[in-house]
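Trainee: This structure is in structure tokens; I'll ask about it shortly.
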Amino acid sequence: MTAAAREEILRRIRAAAVPPAPPVPRHYLRHAPGVPDQDRPAVLALFAERLTEYGAEVLRADRPGPAVARLLAGHGARSLVVPDGLPAEWTADWDGEVRTDRPPLGKAALDATDAVLTGCAAAVADSGTLVLDGGPAQGRRAATLLPDLHVCVVRAEQVRSALPGALARLDPARPLTFVSGPSATADIEMIRVKGVHGPRRLAVVLLG
């Protein structure tokens, strides 16, 4: 290839090159449409609505103990695994077997337990999402995946209208797990199957 031919090829490539992409806009909506974070009743109502749409059960309560006991009894749970740091009052009204995940329970023991009870690090109203980071009252990821029922206690102040607000509450260095409804997939022949990657049932106690 001659130098002239090479230069002609490069000239044509430069002439056909796609112009640089415009800068990414950063003025995106930081809350659910029409639901600013300051409107707390609307944020909590949207959160409960989204969870229900996903097939989760939501129970509004002022105290966690009676609500947790009611949900566990309603689902027929007789054994419960709890992570380290879970407040004792959350299980004070329940008369079933409580298994503390310390030292860590084996996979068989977790799978044989009816339910797991946790808190969360943050929650997103717009998508009905719980975020766990392995902190106190949240525990290991395995403990939240193997029992068939996951009961999560969420405080009203933990719920943000949309994801940007929730991210501000999270530490990106921690192991974050985003949970939007009970585990389900429709990958095979478009048939919805629950419990493939985690609990088939999700129940949320929303405090406040």
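Trainee: Looking at Arg26, Arg40, Arg30 in this structure, which one is under 20 Å from the mean Cα position of the chain (by Cα) and at pLDDT below 95?
Mentor: Answer to the check: Arg30.
Trainee: Go through the stretch 71-91 and count every residue that is loosely packed, with under 14 Cβ neighbours inside 10 Å and among the hydrophobic types (A, V, I, L, M, F, W, C).
Mentor: Total satisfying the criteria: 1.
Trainee: Hey, does the stretch 102-111 have a residue that's surrounded by 14 or more Cβ atoms within 10 Å (Cβ to Cβ), of a type in the set (A, V, I, L, M, F, W, C) and touching a Lys or Arg at 6+ places or on another chain (Cβ under 8 Å)?
Mentor: Checked the stretch 102-111: at least one residue is surrounded by 14 or more Cβ atoms within 10 Å (Cβ to Cβ), of a type in the set (A, V, I, L, M, F, W, C) and touching a Lys or Arg at 6+ places or on another chain (Cβ under 8 Å).
Trainee: Test Leu176 against the stated conditions and say whether it is surrounded by fewer than 18 Cβ atoms within 10 Å (Cβ to Cβ), under 11 Å from the mean Cα position of the chain (by Cα) and free of Cβ contacts under 8 Å to residues at least 60 places away in the same chain.
Mentor: Values: surrounded by fewer than 18 Cβ atoms within 10 Å (Cβ to Cβ): yes; under 11 Å from the mean Cα position of the chain (by Cα): yes; free of Cβ contacts under 8 Å to residues at least 60 places away in the same chain: yes.
Yes; evaluated as a whole, the condition is true for this residue.
Trainee: A further question follows. Being among the aliphatic types (A, V, I, L, M), farther than 15 Å from Ala123 by Cβ and either surrounded by 14 or more Cβ atoms within 10 Å (Cβ to Cβ) or touching a residue at least 40 places away in the same chain (Cβ under 8 Å) (or both) is the filter here, so list the residues in the stretch 19-48 that pass it. Give the derivation first.
Mentor: Taking the stretch 19-48 first, the residues among the aliphatic types (A, V, I, L, M) are 21, 24, 29, 32, 35, 42-46, 48.
From the residues that got through so far, the ones that are farther than 15 Å from Ala123 by Cβ too are 21, 24, 29.
Answer for the stretch 19-48, where residues must be among the aliphatic types (A, V, I, L, M), farther than 15 Å from Ala123 by Cβ and either surrounded by 14 or more Cβ atoms within 10 Å (Cβ to Cβ) or touching a residue at least 40 places away in the same chain (Cβ under 8 Å) (or both): just Leu29.
Trainee: Looking only at strands (runs of 3 or more DSSP E) that lie completely in the stretch 62-154, which have at least 2 residues being within 25 Å of Leu44 (Cα to Cα)?
Mentor: In the stretch 62-154, the matching strands (runs of 3 or more DSSP E) lie at 115-118, 122-124, 129-132.
Trainee: Inspect all residues belonging to the stretch 22-41 and state whether any of them is in a helix (DSSP H, G or I), within 30 Å of Asp148 (Cα to Cα) and touching a helix residue (DSSP H, G or I) at 6+ places or on another chain (Cβ under 9 Å).
Mentor: Applying the first criterion (in a helix (DSSP H, G or I)) to the stretch 22-41 yields 40-41.
Going one step further and asking which of them are within 30 Å of Asp148 (Cα to Cα), we end up with none.
Checked the stretch 22-41: no residue is in a helix (DSSP H, G or I), within 30 Å of Asp148 (Cα to Cα) and touching a helix residue (DSSP H, G or I) at 6+ places or on another chain (Cβ under 9 Å).
Trainee: Which of the residues spanning the stretch 172-186 are at pLDDT 85 or above and not in a loop (DSSP other than H, G, I, E, B)?
Mentor: Thr177, Phe178, Val179
Trainee: If you don't mind, another one. From the list Val153, Val124, Val159, which one is modelled with pLDDT of 95 or more, in contact with a helix residue (DSSP H, G or I) (Cβ under 6 Å, 6 or more places away or on another chain) and closer than 19 Å to Ala69 by Cα? Spell out the reasoning first.
Mentor: On the way: Val124 fails: closer than 19 Å to Ala69 by Cα; Val159 fails: closer than 19 Å to Ala69 by Cα.
The conditions single out Val153.
The values are calculated or read from the model by the stated rules, or taken from the named source; none is laboratory data. Please read these numbers as outputs of a predicted model, since none were measured by experiment. Positions of Cβ are backbone-derived with ideal geometry, glycine not excepted, and every protein chain shown enters the neighbour counts.
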